[in-house]
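The values are calculated or read from the model by the stated rules, or taken from the named source; none is laboratory data. Note that the structure is a prediction, hence the values are computed from the model and not measured. Because the Cβ atoms are built from the backbone with ideal geometry, glycine has one as well, and the counts that use them run over all protein chains shown.
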Protein chains: 2
Amino acid sequence: MLIDTDVHERVMYEELLPYLEQPWKRYIEDCHWIQEKHMPYTQPAVAGVDRADARIPDGRPAGTDLSFMQQQLLDANNHEKAVLTGALDPSPSSMHGWYEMATALATAYNNWQIDKWLDQDERLYGSIHIAAQEPWNAVKEIERIGSHPKMVQVLLPIDDKLWGDPYYHPIFEAAQRHNLAIGMHHNEPPVYYGQWPKYFIEWHTLIPTSHMNVVTNMIFNGVFDKFPDLKLIMIEGGFTYVPFLMNKMDQQYTDLRHEVPWVKRMPSDIVRENMLFTTQPLESMKKKELMQIIDQLGSDEIISFSTDYPHWDYDSPDAALPPNLDDDLKEKLYTENARNFYPKF
Amino acid sequence: MLIDTDVHERVMYEELLPYLEQPWKRYIEDCHWIQEKHMPYTQPAVAGVDRADARIPDGRPAGTDLSFMQQQLLDANNHEKAVLTGALDPSPSSMHGWYEMATALATAYNNWQIDKWLDQDERLYGSIHIAAQEPWNAVKEIERIGSHPKMVQVLLPIDDKLWGDPYYHPIFEAAQRHNLAIGMHHNEPPVYYGQWPKYFIEWHTLIPTSHMNVVTNMIFNGVFDKFPDLKLIMIEGGFTYVPFLMNKMDQQYTDLRHEVPWVKRMPSDIVRENMLFTTQPLESMKKKELMQIIDQLGSDEIISFSTDYPHWDYDSPDAALPPNLDDDLKEKLYTENARNFYPKF
């Protein structure tokens, strides 16, 4: 059995139309509004950012069809649960301007997700998408569907305000109150001086640096002191950078905690108590190497297996982890750590 | 004995005047030109960014007096060699505009460094500062003093062009031809959307992410394929992030090398063959933890001890490394790795 913490369903824009009111619907239907383009790279793999074999036989893109996903992913791997993380690219959260449309799109997307996915398969759990440009509207959306039993987290954008900013406090308060985790799924931060790196391989290598920024910023700005029960899941950034970051933050906290007196726990304790890291994309490693990293983390309970289906660098539950892991550890990585992390599981 | 790979001498601006011609001299003397301010933080420690006990007894700032440095650092720790990394803040390289003055300041600084430090103590080695805004002028400066027997490296700026850019090729070519390493000393990159993090502790924790950017960018843009003998020293970023970065780059290279066909070696091999990482600021760690990291690096020859004298987070050669290391390893960390790295040692 597997609880898969990162699965991407994808919407075709026309599917959102029934969930949109005017004038937003007309913007898409009559004015041919399209999402921003955002990836300045050649394709990483033959089918772009998707697995070639995940394309729907009728020609629709990967991730758009529930029954195909059931067959290729959920049934094939004996999934107990899968958390949908979406692919409305770019997220409404990263639209600049068009705030009302961003809010309408987020609401439409959430309703579509519930109708077409969460209500159709008991294994599927969802992510609340918000338009964080207007935090009070985002809070309204969390209030509206936050108590849906299958909505387990709120995805926040990576934009010009890092998540330690008090700007997000109302969102954290609402998430905590509704037993929702906060999720970071990397979404295309400019890595350097507002510029994309020249090559996809650079950008893709450096994605974890955005995760380091967010974790560091939230901890030292006191988010987990103000919201001690808030859960943070770091998705698609991997976990092999975490030992470095924990030790570095602890050392800095030891030297400089007078600057941030509101931070009451050692940063590594906050990481272990409030966070979960999804495994994909897993570097290839031997059992000994994985055990070394777990030893450095000081916990085997803060990482959780994810496939990132249907993307090109999908990790297979059968092959991605090194062989011959102890059953106890496998159970933690495949199911128990996610089960203990999400307040609704 | 110790080869210390990061020691900061500091210039008082008036000391540069004899090394400057008009009109630059007049800009400082008559027009009260001052360097840009750049640190928006409260002081990390009681004496700002310096060790309180490193202030010169006559009141001058830490790092400005050779005999005081000799007594407090070089003699006290039995230094065999120390590489000066400067403290002309901000470096001429990061001045925007004022290009001719930046060039004049770099030249003045280099001459002052040779006169007042390198020629005065046989243990001291130096860094060539350049105004990289005009790479052909920077190359002229490298030609002018690159063969000085005690100049061992060229320090490059962290600015809006990462070092994989072909823009820097003439500089790399000149450095390689003069047996000079290229040095990255962190100098205040904006970490996130061009903004400083709110707190010093965040910025200081995240400094290694700039090092990750530079290493990744240089490798995948083919710098070490075009200049296979070029040596890169990463100063004051520590080394505990390197195992993560090596594995991540290798995994990405395995998947995506079709995008960067000019890269001929595994990234981790390039790291091990062309780079050296200075240890400071060392996280506190036990021997077992250090040995684990060395095991993950696949080499005990790419890290080299540094003190970062006279800064507030100075690492003492007696106390910073864990106790009871094998003599062979200590010799590598304290002297041999630096000796083997610098072409002029």
Q.
Testing A:W98 on (1) surrounded by 18 or more Cβ atoms within 10 Å (Cβ to Cβ); (2) farther than 30 Å from B:W262 by Cα; (3) out of contact with any strand residue (DSSP E or B) (no Cβ under 9 Å at 6 or more places or on another chain); (4) of a type in the set (A, V, I, L, M, F, W, C), one condition comes back false. Which one is that?
A. (1)
Q: Output the residues belonging to segment A:139-172 that are of a type in the set (A, V, I, L, M), over 17 Å from the mean Cα position of the chain (by Cα) and more than 30 Å from A:Q70 (Cβ to Cβ).
A: A:V139
Q | Members of segment A:250-272 that are touching a residue at least 12 places away in the same chain (Cβ under 8 Å), part of a helix (DSSP H, G or I) and away from every other protein chain (no Cβ under 14 Å) | A | A:R272
Q: Could you tell me which of the residues B:R10, B:R51 is within 14 Å of chain A (Cβ to nearest Cβ) and either surrounded by 16 or more Cβ atoms within 10 Å (Cβ to Cβ) or modelled with pLDDT under 90 (or both)?
A: B:R51
**Q.** Flag if A:I158 is β-branched (V, I, T) and more than 19 Å from A:W112 (Cβ to Cβ)
**A.** yes
Q: Please indicate, with yes or no, whether at least one residue in segment B:24-31 is more than 14 Å from every other protein chain (Cβ to nearest Cβ), without any contact (Cβ under 8 Å) to a residue 60 or more places away in the chain and in a loop (DSSP other than H, G, I, E, B).
A: yes
Q: Go through (1) closer than 30 Å to A:L162 by Cα; (2) touching a residue at least 40 places away in the same chain (Cβ under 8 Å) and name the single condition A:Q43 misses.
A: (2)
(Q) Could you go through segment B:1-21 and let me know if any residue there is polar (S, T, N, Q) and free of Cβ contacts under 8 Å to residues at least 12 places away in the same chain. (A) no
Q.
Being loosely packed, with under 14 Cβ neighbours inside 10 Å and part of a loop (DSSP other than H, G, I, E, B) is true for just one of A:P57, A:P18. Which residue is that?
A. A:P57
Q. Among the residues of segment A:282-291, is there at least one that is within 14 Å of chain B (Cβ to nearest Cβ), in contact (Cβ under 8 Å) with a residue 12 or more places away in the chain, surrounded by 19 or more Cβ atoms within 10 Å (Cβ to Cβ) and not in a helix (DSSP H, G or I)?
A. yes
Q: Would you check which residues across segment A:115-146 are more than 16 Å from A:E100 (Cβ to Cβ) and among the small types (G, A, S) and list them?
A: A:G126, A:S127, A:G146
Q: Please work out if B:Q72 is crowded, with 17+ Cβ neighbours inside 10 Å, polar (S, T, N, Q) and closer than 17 Å to B:L20 by Cα.
A: no
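Yes or no, residue by residue, for (1) touching a strand residue (DSSP E or B) at 6+ places or on another chain (Cβ under 7 Å); (2) farther than 30 Å from B:P40 by Cβ; (3) not charged (D, E, K, R):
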position: A:K264; (1), (2), (3): no, no, no
position: A:E273; (1), (2), (3): no, yes, no
position: A:Q280; (1), (2), (3): yes, yes, yes
position: A:E289; (1), (2), (3): no, yes, no
position: A:P310; (1), (2), (3): yes, yes, yes
position: A:D315; (1), (2), (3): no, yes, no
position: A:P323; (1), (2), (3): no, yes, yes
position: A:L329; (1), (2), (3): no, yes, yes
position: A:Y334; (1), (2), (3): yes, yes, yes
Q. Would you call B:I3 assigned to a strand (DSSP E or B) and aliphatic (A, V, I, L, M)?
A. yes
Q: With the condition kept exactly as written, say whether any residue in segment A:307-316 is crowded, with 18+ Cβ neighbours inside 10 Å and out of contact with any Asp or Glu (no Cβ under 8 Å at 6 or more places or on another chain).
A: no
**Q.** Odd one out for B:W33 among (1) aromatic (F, W, Y); (2) modelled with pLDDT of 90 or more; (3) loosely packed, with under 15 Cβ neighbours inside 10 Å
**A.** (2)
Q: Give me a count of the residues in segment B:302-335 that are of a type in the set (F, W, Y) and within 14 Å of chain A (Cβ to nearest Cβ).
A: 2
